[in-house]
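Structure, as structure tokens:
The values are calculated or read from the model by the stated rules, or taken from the named source; none is laboratory data. These figures come from a predicted structure and were not determined experimentally. Positions of Cβ are backbone-derived with ideal geometry, glycine not excepted, and every protein chain shown enters the neighbour counts.
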């Protein structure tokens with residue numbers, strides 16, 4: 001693995017290897033590691049962040065490396081300097097780059113130019129680090145990754161797209177319930193299905209959740225879509241994850257949300273703080289999953 005841009009770029013064996021490393025570093029966290037000793041990782045942010053920034057900074061530090069926080073205010077990627085040139089220059093200074101940005105093409109262009117590993121911390125198309133932490137959470141909560149039923153309720157956004165990618169590697173059943181016009185990316189869906197992915201797209205949230213082992217939701221309006229807020233609230237009104245919806249899932253179902261949550265909108269307080277919620281375990285596991293990715297890409 002030279003970069004980590006999309007789950008579709010790796011196979012099942014690599015996914016399982018990364019999950020095993022993530023479980024190990026979580027279990028042995030107190031002992032400390034030195035996989036990135038003497039190494040610097042540039043963390044490039046075009047979007048504000050809580051989990052991505054903190055988990056990567058802490059992760060690099062706990063692996064013995066130095067995290068270097070870089071915002072677009074300094075580098076103005078593609079404006080002050082080309083993305084290609086930024087990739088070439090940073091490669092002379094650092095041992096790896098993480099980027100959290102808008103256009104997926106910027107992440108791909110940076111990775112193509114860089115001579116060091118590049119990690120996709122989020123783009124408008126994909127959020128692969130999130131799904132690796134999610135899969136770790138599912139396994140910890142006793143879900144069989146091959147046999148579970150995952151119901152994604154809401155916008156077919158970057159998180160949903162990366163779940164589609166994951167379904168191309170693992171034979172779980174993925175049901176995505178979205179209103180018409182808000183389905184996941186058609187090209188990614190076709191690619192995953194060509195690999196045998198068991199993905200069903202529907203517009204009925206209750207049908208998607210019926211008997212599910214995992215219920216997943218995300219905000220209805222992501223960063224950059226604020227002008228569509230009222231339109232999206234109207235479109236997604238019947239897709240709220242609430243107690244009534246959760247009651248239709250398996251008795252031991254877990255509820256996931258990648259956060260930040262708009263409480264009372266896509267998910268209720270009673271669910272996110274309730275007995276089925278694994279949301280904050282999931283948030284923690286971003287740290288461990290990303291450590292695994294960095295160890296694989298940059299570790300000694």
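The residue that is nearest to the chain's Cα centre (by Cα), counting only those in the range 76-103 that are under 21 Å from residue 50 (Cα atoms) and buried (at least 19 other Cβ atoms within 10 Å of the Cβ), is 100.
Being over 19 Å from residue 50 (Cα atoms) and either assigned by TED's automatic domain parsing to the domain that holds residue 168 or surrounded by fewer than 17 Cβ atoms within 10 Å (Cβ to Cβ) (or both) is not true of residue 292. The condition of being at pLDDT below 95 and surrounded by 14 or more Cβ atoms within 10 Å (Cβ to Cβ) holds for only one of 39, 47, that being 47. The residue list 71, 123, 83 contains one member that is more than 20 Å from residue 2 (Cα to Cα) and touching a residue at least 12 places away in the same chain (Cβ under 8 Å), which is 71. Scanning the range 257-264 for any residue that is over 26 Å from residue 57 (Cβ atoms), in contact with a helix residue (DSSP H, G or I) (Cβ under 7 Å, 6 or more places away or on another chain) and surrounded by fewer than 21 Cβ atoms within 10 Å (Cβ to Cβ) turns up at least one such residue.
In this entry, residue 193 passes the filter for residues that are within 20 Å of residue 14 (Cα to Cα) and surrounded by fewer than 16 Cβ atoms within 10 Å (Cβ to Cβ).
Rundown of residues vs (1) modelled with pLDDT under 95; (2) over 22 Å from residue 47 (Cβ atoms), yes/no style:
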{"site": "196", "(1), (2)": "no, yes"}
{"site": "212", "(1), (2)": "no, yes"}
{"site": "215", "(1), (2)": "no, yes"}
{"site": "228", "(1), (2)": "yes, no"}
{"site": "267", "(1), (2)": "no, no"}
{"site": "296", "(1), (2)": "no, yes"}
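Confirm whether residue 102 is over 26 Å from residue 14 (Cβ atoms) and touching a residue at least 40 places away in the same chain (Cβ under 8 Å). Against the criterion (over 26 Å from residue 14 (Cβ atoms) and touching a residue at least 40 places away in the same chain (Cβ under 8 Å)), residue 102 qualifies. When every residue of the range 217-235 is checked against the conditions, at least one turns out to be crowded, with 20+ Cβ neighbours inside 10 Å and either closer than 26 Å to residue 26 by Cβ or not assigned by TED's automatic domain parsing to the domain that holds residue 153 (or both). Of the residues examined, residue 60 is one that is under 21 Å from residue 134 (Cα atoms), surrounded by 16 or more Cβ atoms within 10 Å (Cβ to Cβ) and touching a residue at least 24 places away in the same chain (Cβ under 8 Å).
Would you call residue 52 surrounded by 21 or more Cβ atoms within 10 Å (Cβ to Cβ), touching a strand residue (DSSP E or B) at 6+ places or on another chain (Cβ under 6 Å), under 22 Å from residue 125 (Cβ atoms) and in contact (Cβ under 8 Å) with a residue 60 or more places away in the chain? It is true that residue 52 is surrounded by 21 or more Cβ atoms within 10 Å (Cβ to Cβ), touching a strand residue (DSSP E or B) at 6+ places or on another chain (Cβ under 6 Å), under 22 Å from residue 125 (Cβ atoms) and in contact (Cβ under 8 Å) with a residue 60 or more places away in the chain.
You will find that of 109, 173, the residue that is under 24 Å from residue 238 (Cα atoms), at pLDDT 95 or above and surrounded by fewer than 24 Cβ atoms within 10 Å (Cβ to Cβ) is 173 and no other.
Listed here are the residues, each with its yes/no results for (1) under 16 Å from the mean Cα position of the chain (by Cα); (2) under 26 Å from residue 75 (Cβ atoms).
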residue: 26; (1), (2): no, no
residue: 37; (1), (2): no, no
residue: 41; (1), (2): no, yes
residue: 52; (1), (2): yes, yes
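Among the residues examined, residue 178 does not qualify as under 17 Å from residue 264 (Cα atoms), surrounded by 14 or more Cβ atoms within 10 Å (Cβ to Cβ), touching a helix residue (DSSP H, G or I) at 6+ places or on another chain (Cβ under 9 Å) and touching a residue at least 24 places away in the same chain (Cβ under 8 Å). Residue check: residue 200 meets all listed conditions (1) in a strand (DSSP E or B); (2) touching a helix residue (DSSP H, G or I) at 6+ places or on another chain (Cβ under 6 Å) but one, namely (2).
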